[in-house]
Amino acid sequence: MYNIMIVGVGGQGSLLASRILGALYTNRGFDVKVSEVHGMSQRGGSVVTYVRAGENIASPIIAPGDADLILGFEQLEALRWAHYLKPGGSLIYSTQEIKPMPVLTGAMEYPADIPVKLEEYNIKKLAVDALTIATRAGSPKAANVVLLGAASVHSGTDISDWETALRETVPPKFLELNLRAFKAGRECAAD
Amino acid sequence: MEKKMLLGNVAVARGLYEAGCRFVSSYPGTPSTEITEHAAKYDEIYAEWAPNEKVAVESSIGAAIGGARSFSAMKHVGLNVAADPIFTASYTGITAGCVIAVADDMGMHSSQNEQDSRHYARAAKLMMLEPADSRECKEFTKLAFELSEKYDTPVLLRLSTRISHSQSVVSLDSRVDVPLKEYKKDISKYVMMPGMAKKRHVVVEEREKKLREFAETCDLNKIEMNDTKIGIIASGIAYQYAREALGDKASYFKLGLIYPLPVESIKKFAAQVDKLYVIEELDDIFETHLKKHGIKVTGKELFSKIGEYSPNTIREKISGGDVHAATAFDAPPRPPALCPGCPHRGIFYVLSKLRLTVYGDIGCYTLGALSPLNAMDITLCMGASVSGIHGMNMAREPEFAKHSVAVIGDSTFIHSGITGLINIVYNQSPSTVIILDNSITGMTGHQQNPATGLTLKNRPAPMLDLEAMCRACGVARIRVCDPYDLKECESIVKEELSIPEPSVIIARRPCALLKSVKRGEPLAVDEEKCIGCGMCMKIGCPAISLTDKKAHIDSALCVGCELCGKLCPKNCIG
């Protein structure tokens, strides 16, 4: 059973990332459920997408303390959802900061030292400068796939399976860009 | 047989295709929208966006009486709008199958309330089916058409956010060709005036009896016997949560047909388990009905009527504990916000600056209510801004109308704002209505509407002329402004408020997320000149922040709309 969460800010491409993971595990013969977010929350709100793969999946959502892996597309979101990980679970997150409106208006502060705060949790962590890596690969929009690349290193899944999932999911005109972003993400995690 | 991962909504659309459905008419509404968008991808299905849910359902019923298998989808509150035709279509029945899908939004991910649409099945005496995953979404849709024809009734298909917006595996079948049925004139069945309707009500009650018998034997409901200490009655996503939480430690009566309920079968199930729980999100509909029939069940004394459940909710309440998780960090919330470059921002800045009472409506622009714009007083339901501002203005002293406006989007205005505007003119109300025309139905993810010039299938259509529409309603004062032009907007709003007559201001600029809208170059702040006054922060743009008394623009987010620059007293944004 794999319980994966993708957390970020509406508009960051969590839908595509979840569909790539859905294709990956379906191709491997697992029963898969992916729970997406549409509508108002997509307008810059905090969004969470769940991907579950296993023999027989009932609930499409993951309970706190049950996630094996969280992909955080933004630091604060990574911190917000970190408690959903199992002890020993993995958090792979982008170092990008997007300030939420209460912070922009000055009503609240963006938490300082997020990597230090994450030390409170009994989890494995990997911070990735996904935005810079994606920009170098061709577009900052591919930061989502950079994180998938980083996640692929310890996924126990062949690189060819990942590439097949990307080919099945990404629109053809963005495929090359996303394959480059995936590879760059994979390399940064292997370091 | 091909297998595919499909979103629940996409699986419903696939079910429409396979069932030989010919006609689909809907109005978009989260979480139901994708059903109709995907139905439109099949050439065999005629699919359209209607101006509102009432028109959509009436069109579908017309198509069904006319002999074609037909369908409408809507969100829970859309069913309120469509309720009128549904209650009487229950009396007339149909010629070919008619299925109406309604998607509830437990937890209000994207809604103004979390009403339970199951009430409608009972109230309108219509069969209601509820799938629990994408496979069932497709299968139940197909079955619903058969049942609709067998029992001569529209059938309701109940969905929810977690079913509609979750993907799981579905096997694809081919389309069954269902020929158009012959339409026969039969006024005793289709003309609902008292003489005929009295007889049809008898037919409806007889049908109810047959449906109750059907419920006892149909294979839409499944019994799964495991450990008999705990028995669970549930449907839809609540069943999945229970299955996840309790596994084989409980026995399940999974309801697929949720109206009418199989009371006798449940009595037998109840006799086989030690303790019986009803797990239903929102209202206590199953529980109340079963208790009425003397079945001892535990439900809302443990489970809330508010919000979504989860497997953990059930673990906590039934198996007691074994919930394990670290403590959540108390992070600043991240509510949704108007997008960078959103044309609504300019208007809301002006309304906020003028300290007006703003009667809002349903759409992206409801976000104008949040800080720092704080430019909305009231939001109720689709179209309520136009009627509401009239009521408020007429109730209060004449001075009040000089400081109050209604704001409503283009799609929402067409949905149900027009009749309110006619009322303003007819009853000579000094009300000012601002139509935020962003040339698309935005919140639900960019659907065409009668004012955009394109149909659901992306074919050209006549564009509804909003100015001509308002003129035809009798409004003499119609103004158009560009919401990026703050000075123009402010002077027009002030002018229209000063005159005690009905007036409409159309703030027109396409949604910044439309592919046809060119993004400008990201702006930057000249930090030397910036005095940190915070004027640019007043528009609540996610791309602008203020750190160490200097404004900063996030170039990844900025689309170069230049609104912030217009507020800068030092002219240092460019």
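Consider the range B:271-324 and keep the residues that are exposed (fewer than 15 other Cβ atoms within 10 Å of the Cβ) and hydroxyl-bearing (Ser, Thr, Tyr). The one that is nearest to residue B:242 (Cα to Cα) is B:319.
Among the residues of the range B:235-248, are any touching a residue at least 12 places away in the same chain (Cβ under 8 Å) and not in a helix (DSSP H, G or I)? There is at least one residue in the range B:235-248 that is touching a residue at least 12 places away in the same chain (Cβ under 8 Å) and not in a helix (DSSP H, G or I). State which residue pairs qualify: first residue within 12 Å of chain A (Cβ to nearest Cβ) and among the aromatic types (Phe, Trp, Tyr) and inside the range B:554-567, second residue in a helix (DSSP H, G or I) and crowded, with 17+ Cβ neighbours inside 10 Å in any location, beta carbons under 7 Å apart, and separation of 6 or more residues or different chains. Cβ pairs passing all conditions: none.
Please identify the pairs in which a residue from the range B:270-283 that is at positive phi has its Cβ atom under 8 Å from the Cβ atom of a residue that is exposed (fewer than 15 other Cβ atoms within 10 Å of the Cβ) and not hydrophobic (A, V, I, L, M, F, W, C), counting only partners at least 6 apart or on another chain. The qualifying pairs are B:282/B:305.
Go through the range A:63-80 residue by residue and tally those that are more than 7 Å from chain B (Cβ to nearest Cβ) and modelled with pLDDT under 95. Number satisfying all stated conditions: 1. Checking the range B:146-153 against the condition returns a match, with at least one residue being over 30 Å from residue A:45 (Cα atoms), buried (at least 23 other Cβ atoms within 10 Å of the Cβ) and not aromatic (Phe, Trp, Tyr).
Quick check, is residue B:116 more than 14 Å from chain A (Cβ to nearest Cβ) and over 15 Å from residue B:82 (Cβ atoms)? Answer is yes for this residue.
Taking the range A:42-93 as the range and being charged (D, E, K, R) and within 13 Å of the chain's Cα centre (by Cα) as the test, the residues that pass are A:68, A:74, A:77.
The residues of the range B:344-363 that are assigned to a strand (DSSP E or B) and crowded, with 24+ Cβ neighbours inside 10 Å, listed by number, are B:358, B:359.
The condition (being more than 22 Å from residue B:387 (Cα to Cα), of a type in the set (Lys, Arg) and in contact with a helix residue (DSSP H, G or I) (Cβ under 9 Å, 6 or more places away or on another chain)) is satisfied by just one residue among B:518, B:538: B:538.
Scanning the range A:124-168 for residues that are modelled with pLDDT under 95, part of a helix (DSSP H, G or I) and in contact with a Leu (Cβ under 8 Å, 6 or more places away or on another chain) yields one hit, A:140.
Being in contact with a Lys or Arg (Cβ under 7 Å, 6 or more places away or on another chain), more than 22 Å from residue B:82 (Cα to Cα), surrounded by fewer than 24 Cβ atoms within 10 Å (Cβ to Cβ) and within 14 Å of chain A (Cβ to nearest Cβ) is a property that residue B:169 has. For the range B:362-372, the candidate set comprises residues that are in contact (Cβ under 8 Å) with a residue 12 or more places away in the chain and either more than 14 Å from every other protein chain (Cβ to nearest Cβ) or under 26 Å from residue B:545 (Cβ atoms) (or both); within that set, the residue that is farthest from the chain's Cα centre (by Cα) is B:372. Just so you know, in the range B:377-387 the residues that are within 21 Å of the chain's Cα centre (by Cα) and over 19 Å from residue B:82 (Cβ atoms) include one that is nearest to the other protein chains (Cβ to nearest Cβ), and it is B:379. Checking A:120, A:109, A:97 one by one, the residue that is closer than 15 Å to residue A:71 by Cα, outside any strand (DSSP E or B) and at pLDDT below 95 is A:97 and no other. Anything in the range A:1-30 that is surrounded by fewer than 24 Cβ atoms within 10 Å (Cβ to Cβ), out of contact with any helix residue (DSSP H, G or I) (no Cβ under 7 Å at 6 or more places or on another chain) and either hydrophobic (A, V, I, L, M, F, W, C) or at the interface with another protein chain (Cβ under 7 Å from one of its Cβ atoms) (or both)? List them, or say none. Within the range A:1-30, A:1, A:15, A:26, A:30 qualify.
Taking the criterion of being within 14 Å of chain B (Cβ to nearest Cβ), modelled with pLDDT of 95 or more and more than 16 Å from residue A:23 (Cβ to Cβ), would at least one residue in the range A:178-189 satisfy it? For the range A:178-189, residues within 14 Å of chain B (Cβ to nearest Cβ), modelled with pLDDT of 95 or more and more than 16 Å from residue A:23 (Cβ to Cβ): absent. State whether the residues of the range B:404-417 include one that is at pLDDT 95 or above, part of a loop (DSSP other than H, G, I, E, B) and of a type outside the set (Ser, Thr, Tyr). Within the range B:404-417 (the criterion being at pLDDT 95 or above, part of a loop (DSSP other than H, G, I, E, B) and of a type outside the set (Ser, Thr, Tyr)), the answer is no, since none of the residues qualifies.
The values are calculated or read from the model by the stated rules, or taken from the named source; none is laboratory data. These figures come from a predicted structure and were not determined experimentally. No Cβ is skipped: glycine too gets one built from the backbone with ideal geometry, and neighbour counts run over all protein chains shown.
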